[in-house]
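J.: My questions all concern the structure below.
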Amino acid sequence: MKNQTSSRKLEHINLSLNNNVQFKISNQFENISLLPKNSKTIVQSEVDISTLFLGRKVGAPIFISAMTGGHEKTFQINKNLAEAADEFNIPMGLGSQRAMIENSNLAYTYDVKKYYDIILLGNIGIAQLANYKSSQIERMLDEVHADALCVHTNPAQEIAQPEGNLGFKNAFANLKSLADAIDYKVILKEVGNGISKEVAEKVNRTKVYGIDTGGAGGTNWIAIELFRNYSHDMDFIKEWGIPTAQSLIEIKSVFKRSVTATGGIRTGSDVVKAISLGAESCGIAMPMLKANKHGSNGIKHYIARLIDDIKHEMSLLNCASIEELKSLKFTINAPLSDVLKQRNIDLNHLR
Amino acid sequence: MQKNTRLNSGHLRQNRESNKLINLLIMHMNSDIKFIHCAIPNINFNDISILQKMTFYAGNSQKRVSINCSPLALQVSFNPDLDNRLKLIKLKKTTGISLFLSSKNTKILFILHKNNIIKKRLNSLSIIKSEDGLDAAKAIRLKQLPFLNDINKINLIEKQLKVVMFLTNSKNITQLARAPIIHLNNLTK
């Protein structure tokens, strides 16, 4: 089991990089239109995109979303990502730390704060909470000096995974108990199939600090697992999930604490739309991993271009700051507007 | 107009009376839906049951009977009447299927109950050919009957049906029939 966890990490990286594992469905942000602020024209150099994340000032409303760790070859990836995060003062997420609980020798693959002082998000799967005490989870976070914990939920990925864990009966109760027990802020995240208002409503009744959409439209973990699955029995759910924009709006309509948007965020336009809809920040994963082909410089180059794109979009909207962006008027176009109507989403409570 | 109204209200009365029976006829599936993903299902996959409770009136005595059976119907090339009762019994033993349709006559549903065959006329509900578990789940959610004609696909489709139930947090068919959905045909193109 221990070696299986570790080797699976490497398989995931290789499959992601060497195959087309993106969703065919879009993140639905193309159905959001922002109305420029009625003020003087802003030039790009005047735009300040610094903001707060977990109560701390960061350089941009983006973060490196959870990806990897737990195999010796993932250490350098994490170190490169952390170097880039440090350069731009943006947060970074770790991949599932289950591997280091199973094998303490692998802890170093996650220990990037040894080198860079960044906001670091720890990670564990919701299906694993039944196996570990809250004190073990806290020790896991202490060891890497994490600033918060992301608990990822991934029933669709587990279904498609040959060795998937399908025991979710107490998953929500375990999440609630963990949030009650540990001193760290807990963030619930999906891995690419989105979170609905029904789930967000339940989370609202716990001490969970935040929700990350983990919506459909970007990397498709079902597709990744199907490459590892010798049968094609699960091909029929390949496009399963809630697109990121829909998920963000559904969550924001009922959950009043921190919400971040991840899942197919690829452009400055996606970022400004998500922030305007109420996301605190946007997580990006696959493009960062691909940029790592050229090491930390490749990742830095990617982030610099994205920040430039965000500032460009904000200048077109006459927004000089993230606060101004958050107060922009927006319209939601069909078919997303029709979907939200069917879902009885109250758009008056988004912000 | 009046004549049509009488016919319509008669049709409605018939539907209300046979509300708990399965009334089926073949229709092209003109209503597509998308299930809403549940990120934290409250169930273990192995605890999911696809058995559906069906209640109908049997025989001339109009005695009400209930069976728990797979929600899938199997379409067979022979006439599933009393002459082929043993064939149906054998099929049920090997596949677990209790509902049968004939490819030659699609207006009658044959229900195998305690080794007896009960016929029900298909009236207003659609039967939908299901290529996979998602088709079957959609049919059930839309109060339609999923059927297939390949005996070798039964296990797979039932397993796939359980997958959809897991991802919609549906522990049983009753919950699946109420799972949150979006009607895709109602979306502006």
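J.: Run down A:83, A:30 and say which single residue is free of Cβ contacts under 8 Å to residues at least 12 places away in the same chain and either of a type in the set (Lys, Arg) or in contact with a helix residue (DSSP H, G or I) (Cβ under 9 Å, 6 or more places away or on another chain) (or both).
T.: On inspection, the qualifying residue turns out to be A:30.
J.: Ok, one more. Which is surrounded by fewer than 21 Cβ atoms within 10 Å (Cβ to Cβ) and without any contact (Cβ under 8 Å) to a residue 12 or more places away in the chain, of A:176, A:169? Talk me through it step by step, then tell me what you get.
T.: Values: A:176 fails: without any contact (Cβ under 8 Å) to a residue 12 or more places away in the chain.
Selected residue: A:169, the only one of A:176, A:169 that is surrounded by fewer than 21 Cβ atoms within 10 Å (Cβ to Cβ) and without any contact (Cβ under 8 Å) to a residue 12 or more places away in the chain.
J.: Got a sec? Which helices (runs of 4 or more DSSP H) wholly within region A:132-193 have at least 3 residues that are facing chain B (nearest Cβ under 9 Å)? Break it down into steps so the answer makes sense when it comes.
T.: Details: elements: A:134-144, A:155-160, A:171-181.
Per the criteria, A:155-160, A:171-181.
J.: If residue B:39 passes every condition in (1) assigned to a loop (DSSP other than H, G, I, E, B); (2) away from chain A (no Cβ under 14 Å) but one, which one does it miss?
T.: Going through (1) assigned to a loop (DSSP other than H, G, I, E, B); (2) away from chain A (no Cβ under 14 Å) one by one, residue B:39 breaks only (2).
J.: Within region A:290-327, how many residues are exposed (fewer than 14 other Cβ atoms within 10 Å of the Cβ) and among the small types (Gly, Ala, Ser)?
T.: Matching residues across region A:290-327 total 2.
J.: Whether any residue in region A:256-277 is within 14 Å of chain B (Cβ to nearest Cβ) and closer than 17 Å to residue A:26 by Cβ is what I want to check.
T.: Within region A:256-277, one or more residues are within 14 Å of chain B (Cβ to nearest Cβ) and closer than 17 Å to residue A:26 by Cβ.
J.: Here's something else I'd like to know. State which residue pairs qualify: first residue in contact (Cβ under 8 Å) with a residue 24 or more places away in the chain and under 18 Å from residue B:51 (Cβ atoms) and inside region B:141-169, second residue of a type in the set (Lys, Arg) and surrounded by fewer than 20 Cβ atoms within 10 Å (Cβ to Cβ) in any location, beta carbons under 7 Å apart, and separation of 6 or more residues or different chains.
T.: B:147/B:129; B:148/B:129
J.: Next up: Please indicate, with yes or no, whether at least one residue in region A:321-333 is in contact with a helix residue (DSSP H, G or I) (Cβ under 8 Å, 6 or more places away or on another chain) and of a type in the set (Gly, Ala, Ser).
T.: Within region A:321-333, none of the residues are in contact with a helix residue (DSSP H, G or I) (Cβ under 8 Å, 6 or more places away or on another chain) and of a type in the set (Gly, Ala, Ser).
J.: Taking into account only those residues within region B:177-189 that are more than 7 Å from chain A (Cβ to nearest Cβ) and over 21 Å from residue B:158 (Cα atoms), which is surrounded by the fewest Cβ atoms within 10 Å (Cβ to Cβ)?
T.: The initial filter retains those residues of region B:177-189 that are more than 7 Å from chain A (Cβ to nearest Cβ), namely B:177-179, B:181, B:184-185, B:189.
From what is left, the residues that are over 21 Å from residue B:158 (Cα atoms) are B:184-185, B:189.
Details: B:184: 14, B:185: 10, B:189: 6.
Going through the qualifying residues, I end up with B:189.
J.: Determine which single condition residue A:96 fails, assuming it passes every other condition in (1) crowded, with 24+ Cβ neighbours inside 10 Å; (2) more than 14 Å from chain B (Cβ to nearest Cβ); (3) in a helix (DSSP H, G or I); (4) in contact (Cβ under 8 Å) with a residue 40 or more places away in the chain.
T.: (3)
J.: For region A:115-144, which residues satisfy the criterion of being surrounded by fewer than 18 Cβ atoms within 10 Å (Cβ to Cβ) and either out of contact with any helix residue (DSSP H, G or I) (no Cβ under 9 Å at 6 or more places or on another chain) or without any contact (Cβ under 8 Å) to a residue 12 or more places away in the chain (or both)?
T.: Result: A:131, A:133, A:135, A:139, A:142.
J.: If you go through region A:217-244, how many residues are of a type in the set (A, V, I, L, M) and more than 8 Å from chain B (Cβ to nearest Cβ)?
T.: Looking only at that region, the number is 4.
J.: Just checking, which of A:118, A:124 is in a loop (DSSP other than H, G, I, E, B) and within 19 Å of the chain's Cα centre (by Cα)? Write out each step before concluding.
T.: Values: A:124 fails: in a loop (DSSP other than H, G, I, E, B).
Being in a loop (DSSP other than H, G, I, E, B) and within 19 Å of the chain's Cα centre (by Cα) holds for just one of A:118, A:124, which is A:118.
J.: Now a separate question. Report yes if some residue within region B:65-86 is farther than 21 Å from residue A:234 by Cα, surrounded by fewer than 20 Cβ atoms within 10 Å (Cβ to Cβ) and aromatic (Phe, Trp, Tyr); otherwise report no.
T.: Yes: one or more hits.
J.: As an exercise: evaluate residue A:249 against (1) among the β-branched types (Val, Ile, Thr); (2) closer than 20 Å to residue A:58 by Cα; (3) touching a Leu at 6+ places or on another chain (Cβ under 8 Å) and give the number of the one condition it does not meet.
T.: Condition (2) is where residue A:249 drops out.
J.: For residue A:44, state whether it is surrounded by fewer than 16 Cβ atoms within 10 Å (Cβ to Cβ) and touching a His at 6+ places or on another chain (Cβ under 7 Å). Explain how you work it out, then say what you get.
T.: Working: surrounded by fewer than 16 Cβ atoms within 10 Å (Cβ to Cβ): yes; touching a His at 6+ places or on another chain (Cβ under 7 Å): yes.
Here the answer is yes, as residue A:44 does meet what is asked.
Read-outs: derived from the displayed coordinates by stated rules, not from any lab. Computed from a predicted model, the values in this text were never measured in an experiment. Here Cβ is always computed from backbone atoms with ideal geometry, including for glycine, and neighbour counts include all displayed protein chains.
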